[in-house]
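First comes the structure, then the notes that go with it.
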Amino acid sequence: MIHLDPPLTLLITLSVGLGEVLNFTAYMFAPASLVTPLGALSVIVAAILSSKFLNERLNLLGKLGCFLCIIGSTIIVLHSPKETEITDLEVLIDKARDMTFVSYVLFIIALSIFIACYLGPKAGHKNVVI
């Protein structure tokens, strides 16, 4: 296990958080069928950077998986459906106030709190999914 000093850990955590915020923001400007495959490429970048900087070995199946992910993402991006662009802030605010979106956000927040406060302490150390 690699031990990092606290300032570097904080910097890494903030950069990952910023990346996720920017990834989420991309959903406002492009269709999900375009953003999701491109966001998934971060796993490929992490695999390549870990093999370079952490001297981890990427075996044949790992390389094949990275190659197939890149090919699949390219095919999805090239054939993604075209959606209407949001050009007005009023339209974006109306979409953010839509009851379906608000209920989805509230559900995700409630589920996250439930997992963090109830399931995490109870079974988080035994189950990797939690």
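Is the C-alpha gyration tensor of the range 53-122 telling us rounded, prolate or oblate? Criteria: a/c under 1.5 is rounded; beyond that, a/b larger than b/c is prolate, otherwise oblate. Oblate, since a/c reaches 1.5 and b/c is not below a/b. The sum of -39500 (n - 2.57) across all DSSP H runs of n ≥ 4, divided by the residue count of the chain, sets its helix-only mean residue ellipticity at 222 nm to -23500 deg cm²/dmol. Solvent-accessible surface of the chain, taken per residue with a 1.4 Å probe and all protein chains present: 84 Å².
Taking a ≥ b ≥ c as the square roots of the Cα gyration tensor eigenvalues, with a/c under 1.5 meaning rounded and otherwise prolate when a/b beats b/c, else oblate, which class fits the range 24-77? Since a/c reaches 1.5 but b/c is at least a/b, the shape of the range 24-77 is classed as oblate.
Modelled label positions at Ala123 and Leu38, each set 7 Å beyond Cα in the direction of Cβ, lie 3.8 nm from each other. Based on alpha-carbon atoms, the Kirkwood radius and the radius of gyration of the chain give Rg/Rh equal to 1.03. Here is what passes the span test in the chain: the DSSP H helices with alpha carbon length of 18 Å or more along the helix axis and a Kyte-Doolittle mean of 0.0 or above are 6-29, 32-53, 60-78, 99-114. For an R0 of 25 angstrom, estimate the FRET efficiency from the Cβ-Cβ distance between Ser15 and Val77 and round to the nearest 0.05. About 0.50, to the nearest 0.05.
Rolling a 1.4 Å probe over the protein heavy atoms of the chain, with every protein chain left in place, gives an accessible area that is 72 percent carbon and sulfur.
The values are calculated or read from the model by the stated rules, or taken from the named source; none is laboratory data. Keep in mind the model is a prediction, meaning the values are calculated, not measured. Cβ: placed from backbone, ideal geometry, glycine included. Neighbour counts: every protein chain shown. Ligands, DNA and RNA are excluded from the accessible area calculation, which covers all protein heavy atoms including side chains. Shrake-Rupley method; radii C 1.70, N 1.55, O 1.52, S 1.80 Å.
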